[in-house]
Protein chains: 2
Amino acid sequence: MRDVAIIGIGQIPVGEHWDTSIRHLALGAAMNALQDANVAQVDAMYVGNMLSGHISGQEHLGAVVADFLGMAGVEALKVEAACASGAAALRVGLMAVASGMSDIVMVVGVEKMTDTSGQDTTAALAMAADAEYEISQGVSFVALNALLMRRYMHEYGWAREDFANFAVNAHANAVHNPHAMFPKAITAAAYNRAAIIADPVGLLDASPVCDGAAAVILAPLDVARSLSPAPVRVRASAIATDPIAMHDRPDPLALHAARLSSQRAYAAADIQAGDVDFFELHDAFTIMSALSLEAAGFAERGQGVRLALDGEIARDGRIPITTLGGLKARGHPVGATGIYQVVEAVLQLRGLAGAAQIPNARLGMTQNIGGSGATIITHILEAL
Amino acid sequence: MRDVAIIGIGQIPVGEHWDTSIRHLALGAAMNALQDANVAQVDAMYVGNMLSGHISGQEHLGAVVADFLGMAGVEALKVEAACASGAAALRVGLMAVASGMSDIVMVVGVEKMTDTSGQDTTAALAMAADAEYEISQGVSFVALNALLMRRYMHEYGWAREDFANFAVNAHANAVHNPHAMFPKAITAAAYNRAAIIADPVGLLDASPVCDGAAAVILAPLDVARSLSPAPVRVRASAIATDPIAMHDRPDPLALHAARLSSQRAYAAADIQAGDVDFFELHDAFTIMSALSLEAAGFAERGQGVRLALDGEIARDGRIPITTLGGLKARGHPVGATGIYQVVEAVLQLRGLAGAAQIPNARLGMTQNIGGSGATIITHILEAL
């Protein structure tokens, strides 16, 4: 199995791009990545996306993106794992290079969520959950997260207000990210008075509906140094699943797939959680930040919120998270998010994160979650 | 790169399974494949599917199928490339084993197309074409194939009736396939008097809307013999793309991606087209059979129809095709089709195709087409 490195990254600003179709979104990120890697052609491309069929009436997105990039002929496929589609596509790209079936591979994560009604977007996102046993009962995806948050508060005695710092920290970091949807700070007071969407989830607990695209270029590690001045090695890629319906998990707050996925990644990279310099976790909702920190081994059960309260998730804390805004403030264009996380981790590892830079970042971890936790994919990246 | 073999196959009958949800369809095929391979657990599974979001309101199908199989925890992803989703998932499965990232891998192709209106199914299938530049102009997917057929007849002087034997041959072979949707013979006269759907495409030129699922189990070649009494080696996997919109291809009748994909497969397997004992091609419409035979090197341009007229596509002909009914008569549950083709090829290579058996079949080729030809994936399989 060949080791793999990231030799190029690209992204477009996350936002409401009402005047931009999904293929144009992908094009922007892909062109930036090709330019960054200084390559004109790739052997294969894998497109991470969840909703192109539902929202844009377009499946077959691999061929669409390859064509629009002027690369028709090339291998191109779409990979889907709900909100973890981006990291899923990266995983397939890693397989392609690791196996020797391809050398230079592009992975694009792209999602277009505007150009439809809000009601329709809610229905679209619900397809990440169990259509037959959850959604058909009338629960929405936000409501599933509200159930998790409510249970967590009940089990461990936290109040809504205790989650505020996850959002405050994300927004504080997004200020330094020119690609963030909300590059502005918020206060705990603003969090506390935000409208409730699905009790206890408030507006500032939730990541926004938005459009975006991000891309990375992969190459075999042994040639990466000759192709890039600052290659980043993929030390580990790990994935795990859990029952699709939350009620089928013996202990939903355990986020079992995150635990499995993290442990597999640590084992593959031969490291401990404490060795990681920062953690781009999947803060689709503040409750997921708390659960992810616990499942990945950074806090005891029920104590993820404590890390936020104590400021340990900040740039100078014990485990910096959402260092360029996370899903909350950079934005969460679902199928693109996993690649945004990786692009931001590469910026940190290259030392190019500007005012958001984590000092001496050598080892970064990203974790992309599909549904309410049924698919969880972890990558560990290392500066060379 | 490790060589890969198929150690198990499974399928369910293709048909209108109104009382069966998509997860149940997948379960049936997967259980059959596990039993055939005599394994209880896999390291990863890849699900080929196009329409689960549109028709069943369910994305995140990898996790759904893993869960329903009682394998939650395992790696699971959905792969999509329109009607080539099945072969696309197989390709990802091959990468997983070839790279060493997984040892025992299941690939499931599944599609549920009933439980919706015919109009809605037409809209769903159109997502395989270019939503912005073809479908928004009002053309349907059948109509795109009608344009190809009309142009072919114009260029090369064939009549509608000359295509009859593609359908007649497929139905004759399906008689021997207990999993076929239409296991009954038809006559050329029936073809000629069939209703026209989109002139010149008639009802018996077209594959049916249906439900189905098929699965294969993969393992490294070097352990396959100890796991299976009749492993089949995957000699080549090759994919190519073409512009998504038919009007953007310089020569639509060339089926350029099929040519590229076939040539890449022959080169990887170190064989010529003539070495192949049978060819499971993608006869979604009779015109695609003619174009595929030409692009894959079995006929000169414009002469694919001649092979049908001369009976060379029959079991005892020069290049037997659709040996167990093909898309036309076995049925075309789109995301499952690529795996049905492979399952049938394995049956031929094991010598277990019954009355449909190709004598002394050692080398088989399958080709799965996405859209009107924008993604084409070829596999070459060898009896060991």
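Here, each number is a calculation from the coordinates, and none is a lab measurement. Just so we're clear, the structure is a prediction, and the values are computed from it rather than from any experiment. For neighbour counting, all protein chains shown are included, and Cβ atoms are generated from backbone atoms with ideal geometry for every residue, glycine included.
Per residue of A:119-131, count partner chain C-beta atoms within 10 Å of its C-beta, then hand back the mean as an integer. Mind showing how you got there, number by number?
Details: counts 0, 0, 0, 0, 1, 3, 1, 3, 9, 4, 4, 7, 11.
That works out to 3 on average.
Averaging the Cα positions of each part gives two centres, and for segment A:257-301 and segment A:92-130 these lie 22 Å apart. Mean per-residue shielding of peptide A:97-103 is 5, counting Cβ atoms of other chains within 10 Å of each Cβ. Projecting each Cα onto the charge dipole of the protein assembly as shown (Lys/Arg +1, Asp/Glu -1 at the beta carbon, about the Cα centre), which of A:286, A:119, B:216 comes out farthest on the positive side? My answer, from the dipole projection, is B:216.
GNM remark for chain A: springs join alpha carbons under 10 Å apart, and the peak mean-square fluctuation among A:261, A:207, A:226 falls on A:226. Across identical copies of the chain, residue B:309 has label-point separations of 8.4 nm, listed in ascending order, with the point defined 7 angstrom from Cα along Cα→Cβ. In this simple spin-label model, placing a label point 7 Å from the Cα along the Cα-to-Cβ direction at both residue A:275 and residue A:225 gives a separation of 2.0 nm.
Take each residue of peptide A:257-266, count the partner chain Cβ atoms within 10 Å of its Cβ, and average: the result is 1. Distances between equivalent label points of residue B:254 across the copies, with each point positioned 7 Å along Cα→Cβ, amount to 5.8 nm, shortest listed first. Here is how far apart the residue B:351 label points are across copies: 6.7 nm, shortest first, using a point 7 Å from Cα toward Cβ.
Set the Förster radius R0 to 22 Å, insert the Cβ-Cβ distance between residue B:24 and residue A:137 as r into 1/(1 + (r/R0)^6), and round the FRET efficiency to 0.05. Provide the component values of the computation, followed by the final result.
Numbers: r = 19 Å, r/R0 = 0.87.
The pair residue B:24/residue A:137 has a calculated efficiency of 0.70.
Positive end of the dipole of segment B:219-310, charges at C-beta (+1 Lys, Arg; -1 Asp, Glu), about the Cα centre: which of B:230, B:245, B:271 has its Cα farthest in that direction? Comparing the listed Cα positions along the dipole, B:230 ranks first.
What pairs in B:112/B:184; A:112/A:184; A:78/B:78; B:78/B:328 have C-alpha atoms more than 19 Å from each other?
On the way: B:112/B:184 23 Å; A:112/A:184 23 Å; A:78/B:78 9 Å; B:78/B:328 25 Å.
In this structure, B:112/B:184; A:112/A:184; B:78/B:328 lie more than 19 Å apart at Cα.
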